């Protein structure tokens, strides 16, 4: 089962999680066998993967964080739905099904692999989703995040991209998480309906106070919702070392 088929729920306001569902990391894809490709993805389709902007070469060090990526990698932090999760944000944790800030579907318009994720805004004041870790993971050896975005809808004119690290306070277990945010327009994103493949130095988050040795999230995106039904495509998320 592709990990991209399932939704989880999280509330941004409370920085607390409520697990709804999930499945295992998809692992390395096999593009030689197209049997079972979902009929839910409509429209013309080249059954073979496109040439990614920065295709993986064996021997490189490349980290997948378990979502938004199907290509080759040297290491994976899988989504296990216990200590590592992917969530769609909700406005009210007591009513998660009624207050989701968006929905997701696969799209054949992609940078790599067989599909990207299409995030669609709901009738809520904000939209957002992200990868959350219950336990801190050391990302200090990784230096650069790569990710692709595509939209022309006003709710995605600006995309805030956040990472979190544990805030360790004496005698306060478990550690709380603090977020550190950049505006992806600073790295070449434009709301022009074209794919933009971004290279984001993790040092930019470190300069804002992020502790990569105690990471609690490698990837959170969000912003205000100007209208329901607006869409954003997300694909090709991975990390590299210098």
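For the stretch 209-224, state whether one or more residues are assigned to a loop (DSSP other than H, G, I, E, B), free of Cβ contacts under 8 Å to residues at least 60 places away in the same chain and surrounded by fewer than 20 Cβ atoms within 10 Å (Cβ to Cβ).
Checked the stretch 209-224: at least one residue is assigned to a loop (DSSP other than H, G, I, E, B), free of Cβ contacts under 8 Å to residues at least 60 places away in the same chain and surrounded by fewer than 20 Cβ atoms within 10 Å (Cβ to Cβ).
Residues checked against (1) in contact with a helix residue (DSSP H, G or I) (Cβ under 7 Å, 6 or more places away or on another chain); (2) surrounded by fewer than 19 Cβ atoms within 10 Å (Cβ to Cβ); (3) in a strand (DSSP E or B):
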| position | (1), (2), (3) |
| --- | --- |
| 149 | yes, no, yes |
| 163 | yes, no, yes |
| 181 | no, yes, yes |
| 199 | yes, yes, yes |
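Taking the numbered list (1) under 28 Å from residue 54 (Cα atoms); (2) surrounded by fewer than 21 Cβ atoms within 10 Å (Cβ to Cβ) in turn, residue 134 passes all entries but (1).
Is it the case that residue 98 is in a loop (DSSP other than H, G, I, E, B) and surrounded by 17 or more Cβ atoms within 10 Å (Cβ to Cβ)? It is false that residue 98 is in a loop (DSSP other than H, G, I, E, B) and surrounded by 17 or more Cβ atoms within 10 Å (Cβ to Cβ).
All of the numbers you see were taken from the coordinates with simple rules; none came from a lab. Owing to the predicted nature of the structure, the values given are computational and were not obtained by experimental measurement. In this analysis, Cβ positions are derived from the backbone assuming ideal geometry, glycine residues included, and neighbour counts consider all displayed protein chains.
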